[in-house]
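Asker: One structure coming up, written as C-alpha cells, with questions to follow.
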Amino acid sequence: MSEHYYSRKPSTESNPAKWQSELKGNSIRFKTDTGVFSKKEVDFGSRLLIETFGLNKADGLILDVGCGYGPIGLSLAKAYPGATVHMVDVNERAIMLAEENAAENKIDNVKIYESDRLTGVEEKGFDAILTNPPIRAGKKVVHDIFEQSFLHLAEGGELWVVIQKKQGAPSALEKMKELFGEVGIAAKSKGYFIIKSVKC
C-alpha cells in the first residue's frame, strides 16, 4: 500500500529540513520532514488561504483541520495573538513538527493534537474553521470535514476552504451550499478557490 501525507504513522525515513517563510506579515521558521504535505515550502493554496482569511473577533476561536507542520494555524496564531487556535491532523509526524514549530517561534496561543477529521475535537463553538483538505484521501473524507465543521461552528462561524478547481472545487461548492445554505468565493488565483460559508 502506498503511503500518503494523511497516513497516521509515516514510515518513510526522516530527513528534516528547516527554512522560514513570510506569512500574514510575520516571518515564521519551520521544520519539516518527509511524510508530511508540502515539505519544501508553504504550498500556494495554503498561502492564498492564509492571506485571504480575516478574523472578525480579536479573541476568536479558530480550528485548523489537517494542520500539517503548521503553516496555516501558526501564522494565524501569530497574526491574531488574542485568538486561540486549535490545530489537528491525523499524521503523528506532522503533529510533532507543528508542536516543535510552535515552540521554535514562541507561539503559545495554540492547542495541537491528533484527530482524524474532527472526530478528536471536543471543543464546539468555533468562530472560524480553516482547511486545505486532503483531496487524495477521497471525496468522502473531504465532505466529512465539511459536515463535522458545520457541527463545530458557532452561530455566525465561518468555514474557509482552499481547493483547486480541477481537484473538486465545484463539488465542494455544492456540498457547502447544501450544508450552510449559502457559499461564496472569497478569492481565486492560479486555479485555486478560497471558498467560504457562514453558519446562520
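Asker: Under a Cβ-only charge scheme (Lys and Arg +1, Asp and Glu -1), can you give me the dipole magnitude of region 1-110 about the Cα centre, in debye to the nearest 20?
Answerer: 120
Asker: Turning to a different aspect of this structure: Given Cβ point charges of +1 (Lys, Arg) and -1 (Asp, Glu) and nothing else, what value in debye, to the nearest 20, does the dipole of region 63-116 about its Cα centre take?
Answerer: Dipole size: approximately 240 debye.
Asker: Please work out the FRET efficiency for the pair Phe44 and Gln20, using the Cβ-Cβ distance as r and a Förster radius of 22 Å; give the result to the nearest 0.05.
Answerer: Between Phe44 and Gln20 the formula returns 0.80.
Asker: Same structure again: When the dipole is taken about the Cα centre of region 17-198, and only Lys, Arg (+1) and Asp, Glu (-1) are charged at their Cβ, what size is it in debye, to the nearest 20?
Answerer: 780
Asker: Over the chain, what relative contact order in percent results from Cα pairs under 8 Å that are six or more residues apart?
Answerer: Relative CO of the chain lands at 18 percent.
Asker: Could you list, in their original order, any pairs among Lys24/Lys124; Lys78/Lys124; Lys106/Lys177; Lys40/Lys124; Lys39/Lys166 whose Cα atoms are separated by more than 31 Å?
Answerer: Pairs exceeding 31 Å: Lys106/Lys177; Lys40/Lys124.
Asker: How do the peptides 91-97, 166-172 rank, highest first, by the average count of neighbouring beta carbon atoms within 10 Å per residue?
Answerer: In decreasing order of mean packing, 91-97, 166-172 become 91-97, 166-172.
Asker: Right, next: Sketch the reach of a paramagnetic label on Ala187 as a point 7 Å from Cα along Cα-to-Cβ, and name the residues of region 126-169 whose backbone nitrogen lies under 16 Å away.
Answerer: 129-133, 159-165, by backbone N distance to the label point.
Each value in this text was obtained by applying a stated rule to the coordinates, not by laboratory testing. Not measured: the values here are computed from a predicted model. With ideal geometry, Cβ positions are generated from the backbone for all residues, glycine too; neighbour counts draw on all protein chains shown.
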